[in-house]
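Asks: Take this structure, written in structure tokens, and hold onto it; I'll ask about it next.
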Amino acid sequence: MASSSRTFIVANAALVTLIGGMVWFLFVKETAPVGQSAPETKSVTESATTPAFTTESLSADDAQAIEALQAQLDEEKQRADKARAQIQARAQETAAPPVAEPTSNQLEVEQQKQRISQMITAQLEDAEAENKRLTQALAQKNQEIVSVKKQNSELARKLIKLDDSAQSLLAKLVADGKSISSSDQDYLGAMQALQDDTVSPQRSVDLSQTDLINRVEIADNSDTGSIASQLRSAVNELMDDQSKDKPSVNSTKPANSGQATSLQNSINNLMARSEDQKSQRQFQADLAYLDSLTPMEKERLNETRWVTVRSGDTLYDISKRVYNDGWLYHKIFEANPQILSSPDNIKTGQRLRVPL
Amino acid sequence: MKALYTTLISLLLIHTAAFAQSGSSEIVVQITSSIPTVDVNHRGTPVTVKRIQDTNNKLVDDFAKTSRPCPPFCVHPMQSAPGVATIGELDLLDFLSKDVAQGKGLLIDARMPKFYNSETIPGSINIPFVLFTSSAADILPLLGALPDNNRKWDFQEAKTLLLWCNGPWCDQSPRAIKALVKEGYPPEKLLYYRGGMQLWKVFGLTTIQPLSNEVGG
């Protein structure tokens, strides 16, 4: 029968397709990612359930065969579903990373870790060995230093001993007056007669600064010494004048203006004279000295201006005379605590200090 | 990063080297351009021999004198005795650092003790010249000479001696050297520092004052 052979061929083709699909699914797809397998299995089963011919042209036998096949297919489908579910479950358990080959990567990492730790251990061992070596070298060096020090002190002892022996030999020689040759005795006598410091040299550290300067600078004809002394004498003069008794101070002008001018003149003259750098330096030093005197000088002036109380004077009057302002009388009072117990208690003839 | 570190470290090293240079130039008055100071030993005490750093320093004591009576304080010849080398300050310092430190040499202040006790060159021991001229038999064994059969001396083990005295006008060490040569001391084992204390002080080099245990100069 043509229709049955045709059906037979068709049924065969369907069966082959089915089996092929199942084989493909079960064997090939196992190694594929689980995620991808789902849609593909769907397409296999879909294509299996949509044959290229219609059921109207089939006989009862054929229909029966197809039904049986259909049942088989359903069975297979169920089994495939179950397998898929199992695979999925297993995949979830192992929680594989979404990377192509997670297992081999882990292995590599582990291997690397091992390699690194081996390297570190090796380095540590090397470092320890080096440390040991250095400690030994250090100990050796220390020993060397100690032995050198010992050698040095040993040598020093020998030298001192030799020196001492020489001294005692000399003492013996000197004690026996005839032993020293006459030539040597003459020479020793000449040294004695030399009377210079080489016999018992005066060490330059023992000489005072002044001595040194004197001994060295005697031939030095510099003017700087005299400039310094001139300045000093000028200042001293000034100070001496102030301390002399000046019974009444009539004017309020600074009494030393005259002397100040002459001092200034001296300074100017001396400055003109000092040309070379050395005197300049010395001169600057002297000026500094002079500067340092000024506050002292002021202090002396403060202390040494005096006024004698005239008959009928009040402190106010004196203040007016001296300061041109009577209301500054308290300055005079404060400057004379030993003399004045109160500003009113002044007596004729009293000598009062009058500060600037 | 590595390059940066290398640069930083090399800069640091150069900087340190530069400072090291300027450190040694704090000694304004060196002994030579390559020798700022020399460390020696004097009777067991370490001493740094250097020069007086005050560039205005002058000799003010009697080592500044120029004209002592001659005779006997005459200008001495360069050579003290045939075959005996005359040396200078640098050789003396070298001798101290090497021969004396190794126990093979002696730096001898040949003056009478009062000079030595007053001021001497570091590293010196005092063997006054009269011991060489008038007491050779007693002093030579102390210097390593061994008596041999012919009433002479075997100087094979004898030390090298560097003798000095007050200066080129002083006769003490030349007398000592001549006496030693007369006794047969090998001239190549004798050295004459003609400059003496005079030249040593002219350079402002460190001296020792044994009596006070002070270091001067």
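The values are calculated or read from the model by the stated rules, or taken from the named source; none is laboratory data. Just so it is clear, the structure is predicted and the values come from calculations on it, not from any experiment. Here Cβ is always computed from backbone atoms with ideal geometry, including for glycine, and neighbour counts include all displayed protein chains. Note: accessible area is taken over every heavy atom of the protein model, side chains too, but ligands, DNA and RNA are not part of it. Shrake-Rupley method; radii C 1.70, N 1.55, O 1.52, S 1.80 Å.
Asks: Restricting to the range B:59-85, count the residues that are aliphatic (A, V, I, L, M) and modelled with pLDDT of 95 or more.
Replies: Of the residues in that region, 5 qualify.
Asks: Could you count how many residues in the range A:291-316 are open to solvent by less than 60 Å² (accessible area, probe 1.4 Å) and either touching a His at 6+ places or on another chain (Cβ under 8 Å) or modelled with pLDDT of 80 or more (or both)?
Replies: 5
Asks: Pairs, please: C-beta under 8 Å, at least 6 apart or cross-chain, first residue more than 18 Å from A:LEU169 (Cα to Cα) and at the interface with chain A (Cβ under 10 Å from one of its Cβ atoms) and in the range B:94-115, second among the basic types (Lys, Arg) and surrounded by fewer than 19 Cβ atoms within 10 Å (Cβ to Cβ)?
Replies: Qualifying pairs under 8 Å: B:GLY103/A:LYS158.
Asks: Does B:LEU131 meet the test of being aliphatic (A, V, I, L, M) and closer than 22 Å to B:PHE73 by Cβ?
Replies: yes
Asks: Here's something else I'd like to know. With (1) open to solvent by less than 10 Å² (accessible area, probe 1.4 Å); (2) out of contact with any strand residue (DSSP E or B) (no Cβ under 7 Å at 6 or more places or on another chain) as the list, and B:GLY144 as the residue in question, which single condition is left unmet?
Replies: For B:GLY144, the failing item is (1).
Listed here are the residues, each with its yes/no results for (1) more than 10 Å from chain A (Cβ to nearest Cβ); (2) out of contact with any Asp or Glu (no Cβ under 8 Å at 6 or more places or on another chain); (3) open to solvent by less than 90 Å² (accessible area, probe 1.4 Å); (4) not in a loop (DSSP other than H, G, I, E, B).
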position: B:ASP39; (1), (2), (3), (4): yes, yes, no, yes
position: B:PRO46; (1), (2), (3), (4): no, no, no, yes
position: B:ASN56; (1), (2), (3), (4): no, yes, no, no
position: B:LEU59; (1), (2), (3), (4): no, yes, yes, no
position: B:SER67; (1), (2), (3), (4): yes, yes, no, no
position: B:PRO71; (1), (2), (3), (4): no, yes, no, no
position: B:PRO77; (1), (2), (3), (4): yes, yes, yes, no
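Asks: How many residues does the range B:93-109 hold that are open to solvent by less than 60 Å² (accessible area, probe 1.4 Å) and over 12 Å from the mean Cα position of the chain (by Cα)?
Replies: Going through the range B:93-109 one residue at a time, the tally reaches 2.
Asks: Give the number of residues within the range A:318-352 that are under 60 Å from the mean Cα position of the chain (by Cα) and either of a type in the set (Lys, Arg) or open to solvent by less than 40 Å² (accessible area, probe 1.4 Å) (or both).
Replies: Number of matching residues: 4.
Asks: Can I ask one more? Within the range B:186-207, track down each residue that is among the aromatic types (Phe, Trp, Tyr) and either at positive phi or open to solvent by 20 Å² or more (accessible area, probe 1.4 Å) (or both).
Replies: Hit for the range B:186-207 is B:PHE203, nothing else.
Asks: In this structure, is A:SER117 farther than 30 Å from A:LEU15 by Cβ and either part of a helix (DSSP H, G or I) or modelled with pLDDT of 80 or more (or both)?
Replies: yes
Asks: Taking the residues in the range A:140-187 that are of a type in the set (Ser, Thr, Tyr) and facing chain B (nearest Cβ under 7 Å) as candidates, determine which candidate is least open to solvent (accessible area, probe 1.4 Å).
Replies: Looking at residues that are of a type in the set (Ser, Thr, Tyr) and facing chain B (nearest Cβ under 7 Å), I get A:TYR187.
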